[in-house]
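**Student:** Take this structure first; my questions come after.
Every read-out reported here was derived from the displayed coordinates using simple, explicitly stated rules and does not represent laboratory data. Quick caveat: nothing in here was measured; it's all calculated off a predicted structure. With ideal geometry, Cβ positions are generated from the backbone for all residues, glycine too; neighbour counts draw on all protein chains shown.
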Amino acid sequence: MILHDFWRSSAAYRVRIALHLKGLAFSQASHSLLQGEQRTAEFLAINPQGLVPALQSGRDVITQSIAIIEYLDDLYPEQPLLPSSPADRATVRAMALSVACDIHPLNNLRVLNYLRSEFGASDEAVTRWIRQWIGIGFEALEVQVKRGSKEGRHCFGDRPTLADACLVPQMYNARRFGCDLSPYPTLVAIDAHCRSLAPFIKAAPESQPDAP
């Protein structure tokens, strides 16, 4: 398998976590989002959206991080990333999607660049924008994970799930932009525990071959 990746992409970070949790071998093809390498004709032939991640597995090319992770969960059911019951699966998906659909898109690099180029937003204004939407999202997620976590070490139950694979990269972004995380002690504790585990350490941005 080939993961088309960028070390600081939080969406790609999610997929790296899932791959390492399942102990799967893969190679990485880096595309610098800062240099626009995701928009080359060669990569657009792989993923017409011009986004990372994309996963090449044999003849299959899967895009969108949540779809990739669920694809991996279907192919490699050992170390499942979704619970067995429909209600629990839906709960974990809801947690994951609150990050992937509600928080992350508003903090995406292309959105931030558009704020700067089209509306003249300063770096300070962009940072306030980021903190605003992370804070609103985390406020609700803090309540959700309190209900779902068994021991306060994972978002749901007592093992890593799709929700943890989404939370940890978003917490990385929150720290990067100086968000006040004190109102979210459960999220902070879960993030700290997950980042102490080997699969999360291997998946971390600073551990990637293209990290500066």
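**Student:** Let me confirm something: among PRO199, PRO183, which residue is surrounded by fewer than 23 Cβ atoms within 10 Å (Cβ to Cβ), within 19 Å of ALA140 (Cβ to Cβ) and in contact (Cβ under 8 Å) with a residue 40 or more places away in the chain? Talk me through it step by step, then tell me what you get.
**Tutor:** Values: PRO199 fails: within 19 Å of ALA140 (Cβ to Cβ).
Selected residue: PRO183, the only one of PRO199, PRO183 that is surrounded by fewer than 23 Cβ atoms within 10 Å (Cβ to Cβ), within 19 Å of ALA140 (Cβ to Cβ) and in contact (Cβ under 8 Å) with a residue 40 or more places away in the chain.
**Student:** Another question, if that's okay. Looking only at segment 81-90, decide whether some residue is more than 24 Å from HIS154 (Cα to Cα), among the hydroxyl-bearing types (Ser, Thr, Tyr) and either touching a strand residue (DSSP E or B) at 6+ places or on another chain (Cβ under 8 Å) or surrounded by fewer than 17 Cβ atoms within 10 Å (Cβ to Cβ) (or both). So that I can check it myself, show each step before the final result.
**Tutor:** Our first condition is that a residue be more than 24 Å from HIS154 (Cα to Cα); within segment 81-90, this holds for none.
Scanning segment 81-90, I find no residue that is more than 24 Å from HIS154 (Cα to Cα), among the hydroxyl-bearing types (Ser, Thr, Tyr) and either touching a strand residue (DSSP E or B) at 6+ places or on another chain (Cβ under 8 Å) or surrounded by fewer than 17 Cβ atoms within 10 Å (Cβ to Cβ) (or both), so the answer is no.
**Student:** Determine which member of the set GLY58, GLY50 is surrounded by fewer than 16 Cβ atoms within 10 Å (Cβ to Cβ), on the phi > 0 side of the Ramachandran plot, out of contact with any Ser or Thr (no Cβ under 8 Å at 6 or more places or on another chain) and not basic (Lys, Arg).
**Tutor:** Just a single option satisfies the conditions, and that option is GLY58.
Here is a yes/no grid of residues against (1) part of a helix (DSSP H, G or I); (2) farther than 17 Å from SER10 by Cα; (3) out of contact with any helix residue (DSSP H, G or I) (no Cβ under 6 Å at 6 or more places or on another chain):
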{"position": "ARG110", "(1), (2), (3)": "yes, no, yes"}
{"position": "LEU115", "(1), (2), (3)": "yes, yes, no"}
{"position": "GLU118", "(1), (2), (3)": "yes, yes, yes"}
{"position": "ALA125", "(1), (2), (3)": "yes, yes, yes"}
{"position": "ARG131", "(1), (2), (3)": "yes, no, yes"}
{"position": "ILE136", "(1), (2), (3)": "yes, yes, yes"}
{"position": "GLU139", "(1), (2), (3)": "yes, yes, yes"}
{"position": "VAL143", "(1), (2), (3)": "yes, yes, yes"}
{"position": "LYS146", "(1), (2), (3)": "yes, yes, no"}
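**Student:** So, one more: Among the residues of segment 94-115 satisfying the criterion of being more than 19 Å from TRP7 (Cα to Cα) and of a type in the set (Gly, Ala, Ser), which is nearest to the chain's Cα centre (by Cα)?
**Tutor:** Filtering first and then ranking leaves ALA96.
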